[in-house]
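Encoded as structure tokens, the structure appears first; notes follow it.
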Amino acid sequence: MHTKSLTELSIDLIQQKLSSTELTQHFLERIDLHRQLNAFITVDAERALDQARAADRRLGRGTPAPLTGIPIAHKDIFCTEGMLTSCGSRILSNFVSPYNATMIEKLRQQDTVILGKTNMDEFAMGSSNETSYYGPVANPWDESRVPGGSSGGSAAAVSAGLAPAATGTDTGGSIRQPASFCGVTGFKPSYGRVSRYGMVAFASSLDQAGPLTRSAQDAALLLQATAGFDPRDSTSVDRETPDYTATLTADISGLKIGLPKQYFGQGLDGQVELVVREALAHYEALGARLMDVDLPNSALCVPCYYVLAPSEASSNLSRFDGVRYGYRTQQYDDLTQMYAKTRAEGFGAEVKRRIMIGTYALSAGYYDAYYLKAQKLRRLIADDFRRAFEQCDVIMGPTTPTTAFTLGEKTDDPIAMYLNDIYTISANLAGLPAISIPAGLSGDGMPVGLHIIGRYFDEPQILNFAHRLQMGTDWHRRSPPGYTS
Ligand code: GLN
């Protein structure tokens, strides 16, 4: 049951070969069996089974939506009514949300089941899930390694078959990098495609929600259910949502794949490159054309991001002050001390580092030198893509320079950690859609992701390319050893 695609599961549900209650029970048992992965922060079995029974009634009435009865795991960054929404932080460790994020609401309208809330780096800051207040998540392919981050719990859950699909968010790579490390499909849509309402904000001009699934086809189904204009998110774009499943199998012959030389240079692991080149050869065999493109400002993406993202974070996180909701320190003498102690105790080290960097970059004396400069760079980076996409239809490369690293390996070296997102950050800076799909295994048996970036709002093209590889290969069907049955 846990290796089936969403399409297969929904057919089984609609034909009533399987009930949502049975399906939900199955995944709840698997979550329990593999608790050591620490993929979930909250699981509410009773509530999930209630939702499953309601879905079964709808299925029985013959009025299901495409995903009715499907259990889905949600990153603990999405506000979920009546459930803990911790964002991986102590400061929200007692926050029960009074409302649903639009992402959750849209999926609930179809009567999908909330299987649980997945573990994540604190406030989505991290690339390894090690900054979570709830402890690290293990990579199901090798439990001594990280699952990636910040949507590490979601990626590990899908990879280990603890959930058929999950939601995530991506500010600089947090859907795609963990998808790559855990051998699943992770899709960051264009900025504005999916509502951010009710999604705890990290860096608002970069944050985007998206699916982590077993295939591109499943990603298309989840995107279909969640994309679209939301009047409650001023950055969501009022543009028609296409039928994402309609063009999955379209012919790609004659289409052009741009290969930035900057994505195949120094720092790229040889095994990762090999796997990516094999996938590229597959596309060539399907008639696509490979061509070189130039993204001259690529090297500036990481520094640019680490000025802008912390700046926005320092502002967004100022709301956590112990006054209205969340954690409040036990003892204090006055208001100022209450603020200071609450934040000192409530935030972890990485979050504090970012707040300090951001506050510094935005301060009157340094604003022009850092923040304004980074904004200008961001424009140059977006222009690089605009020019590249005048020549090619999609851009491809590795999702990450290496496969998953070991737990603890980079925790003392923030810069080494930040460099994980060297290939993924640019898509956020430019607002472009991008996917990571499993493309093979490296010599040490760890999954390698292929990264496909598309034009603004060209999700169909990306899904088409991703699906075409998955039609001809079975990398996306592989389960980690130990999780096959
Ligand atoms: N790893 C990056 C960071 O730490 C990206 C995180 C994300 O996409 N949320 O900021």
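The values are calculated or read from the model by the stated rules, or taken from the named source; none is laboratory data. Treat the numbers as computed from the prediction; the structure is a model and nothing was measured. Positions of Cβ are backbone-derived with ideal geometry, glycine not excepted, and every protein chain shown enters the neighbour counts. Quick note on the areas: whole protein, heavy atoms, side chains included, nothing else; ligands and nucleic acids left out. Shrake-Rupley method; radii C 1.70, N 1.55, O 1.52, S 1.80 Å.
Restricting to region 365-407, name every residue that is of a type in the set (Gly, Ala, Ser) and open to solvent by 40 Å² or more (accessible area, probe 1.4 Å).
Result: GLY365, ALA369.
Under 8 Å by Cβ, and 6 or more places apart or on different chains, what pairs join a residue from region 416-427 that is more than 12 Å from SER128 (Cα to Cα) with one that is acidic (Asp, Glu) and near the ligand (Cβ under 8 Å from one of its atoms)?
Pairs found: THR424/ASP170.
Which of (1) outside any helix (DSSP H, G or I); (2) surrounded by fewer than 20 Cβ atoms within 10 Å (Cβ to Cβ) is the odd one out, the single condition GLY322 does not satisfy?
In the conditions (1) outside any helix (DSSP H, G or I); (2) surrounded by fewer than 20 Cβ atoms within 10 Å (Cβ to Cβ), GLY322 misses (2) alone.
When you check GLN266 against the structure, is it under 30 Å from SER311 (Cα atoms) and open to solvent by 40 Å² or more (accessible area, probe 1.4 Å), yes or no?
In short, yes.
Return yes when VAL302 is within 16 Å of the ligand (Cβ to nearest atom) and among the β-branched types (Val, Ile, Thr) and no when it is not.
Criteria met by VAL302.
What's the total number of residues in region 241-268 that are under 23 Å from the mean Cα position of the chain (by Cα) and acidic (Asp, Glu)?
Here the count works out to 1.
Determine which single condition ALA439 fails, assuming it passes every other condition in (1) of a type in the set (A, V, I, L, M); (2) out of contact with any Asp or Glu (no Cβ under 8 Å at 6 or more places or on another chain); (3) touching a residue at least 60 places away in the same chain (Cβ under 8 Å).
Condition (2) is where ALA439 drops out.
Results for (1) under 21 Å from the mean Cα position of the chain (by Cα); (2) in a helix (DSSP H, G or I); (3) within 16 Å of the ligand (Cβ to nearest atom), shown as yes or no for each residue.
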{"residue": "ASP384", "(1), (2), (3)": "no, yes, no"}
{"residue": "GLU409", "(1), (2), (3)": "no, no, yes"}
{"residue": "ALA416", "(1), (2), (3)": "yes, yes, yes"}
{"residue": "GLY440", "(1), (2), (3)": "yes, no, no"}
{"residue": "ALA466", "(1), (2), (3)": "yes, yes, no"}
{"residue": "TYR483", "(1), (2), (3)": "no, no, no"}
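Please find, among LEU67, LEU13, the residue that is of a type outside the set (Phe, Trp, Tyr), open to solvent by less than 20 Å² (accessible area, probe 1.4 Å) and assigned to a loop (DSSP other than H, G, I, E, B).
LEU67 is the lone residue from the list that is of a type outside the set (Phe, Trp, Tyr), open to solvent by less than 20 Å² (accessible area, probe 1.4 Å) and assigned to a loop (DSSP other than H, G, I, E, B).
Between a first residue in region 167-187 that is closer than 20 Å to GLY431 by Cβ and more than 7 Å from the ligand (Cβ to nearest atom) and a second residue that is part of a strand (DSSP E or B) and among the acidic types (Asp, Glu), which pairs have beta carbons less than 7 Å apart while being 6 or more apart in sequence or on different chains?
Short answer, once both residue conditions are applied: ARG176/ASP170.
Considering each of THR359, THR424 in turn, give the residue that is within 14 Å of SER311 (Cβ to Cβ) and either open to solvent by less than 20 Å² (accessible area, probe 1.4 Å) or away from the ligand (no atom under 15 Å from the Cβ) (or both).
After ruling out the rest, the residue left standing is THR359.
Specify which of the listed residues (ILE41, ILE72) is touching a strand residue (DSSP E or B) at 6+ places or on another chain (Cβ under 6 Å), outside any helix (DSSP H, G or I), closer than 30 Å to TYR133 by Cα and open to solvent by 30 Å² or more (accessible area, probe 1.4 Å).
Answer to the selection: ILE41.
Among PRO147, PRO136, which is the only one that is touching a Ser or Thr at 6+ places or on another chain (Cβ under 9 Å), within 16 Å of the ligand (Cβ to nearest atom), part of a loop (DSSP other than H, G, I, E, B) and open to solvent by 10 Å² or more (accessible area, probe 1.4 Å)?
Criteria check complete, one pass: PRO136.
Enumerate the pairs (first residue in region 279-298 and surrounded by 15 or more Cβ atoms within 10 Å (Cβ to Cβ); second residue anywhere and among the small types (Gly, Ala, Ser)) with beta-carbon separation below 6 Å, excluding pairs fewer than 6 apart on the same chain, so at least 6 apart or on different chains.
ALA279/ALA439; VAL293/GLY258; VAL293/ALA388
Look through region 210-224, keep the residues that are in contact with a Pro (Cβ under 8 Å, 6 or more places away or on another chain) and not polar (S, T, N, Q), and return whichever of them is nearest to PHE320 (Cα to Cα).
Going through the qualifying residues, I end up with GLY210.
Can you name the residue in region 325-354 that is away from the ligand (no atom under 13 Å from the Cβ) and in contact with an Asp or Glu (Cβ under 6 Å, 6 or more places away or on another chain) and is also most open to solvent (accessible area, probe 1.4 Å) among such residues?
Among those that are away from the ligand (no atom under 13 Å from the Cβ) and in contact with an Asp or Glu (Cβ under 6 Å, 6 or more places away or on another chain), it is TYR339.
Please pick out the residue among ALA156, ALA209 that is under 18 Å from HIS34 (Cα atoms), touching a residue at least 24 places away in the same chain (Cβ under 8 Å), open to solvent by less than 10 Å² (accessible area, probe 1.4 Å) and not in a loop (DSSP other than H, G, I, E, B).
It is ALA156.
Condition check ((1) in contact with a Ser or Thr (Cβ under 6 Å, 6 or more places away or on another chain); (2) acidic (Asp, Glu)) across all residues:
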residue	(1), (2)
PHE264	no, no
VAL323	no, no
THR329	yes, no
GLU350	yes, yes
ARG354	no, no
THR359	yes, no
